[in-house]
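Working notes, structure below.
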Amino acid sequence: MLAATGKLKEAEREYIAIIEDLPDYDFARYRYALFLDKHDRSKKAEGVLML
């Protein structure tokens with residue numbers, strides 16, 4: 001919802017917080033990678049998926 005309203009920095013902070021709190025929750029990492037890819041950060045998205 002944050003990204004959809006243009007609050008990209010806040011959205012990214014939320015993704016990072018979720019991944020830090022739940023490091024084994026692969027779906028959160030996948031969604032974060034999709035978010036990054038959608039916002040022209042494909043290289044970082046690849047890195048997120050490789051962790």
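Throughout, read-outs are computed from the coordinates displayed, never taken from laboratory work. From a predicted model like this one, the values you see are computed outputs, not experimental measurements. Using ideal geometry, Cβ is built from the backbone for each residue, glycine included, and neighbour counts are taken over all protein chains shown.
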Determine whether the range 8-26 contains at least one residue that is touching a helix residue (DSSP H, G or I) at 6+ places or on another chain (Cβ under 6 Å) and basic (Lys, Arg). no
Enumerate the pairs (first residue in the range 19-46 and over 15 Å from Leu8 (Cα atoms); second residue anywhere and basic (Lys, Arg)) with beta-carbon separation below 7 Å, excluding pairs fewer than 6 apart on the same chain, so at least 6 apart or on different chains. Ile19/Arg29
Filtered residues of the range 4-51 (kept if surrounded by fewer than 15 Cβ atoms within 10 Å (Cβ to Cβ) and among the acidic types (Asp, Glu)): Glu10, Glu20, Asp21, Asp24, Asp26, Asp40, Glu46
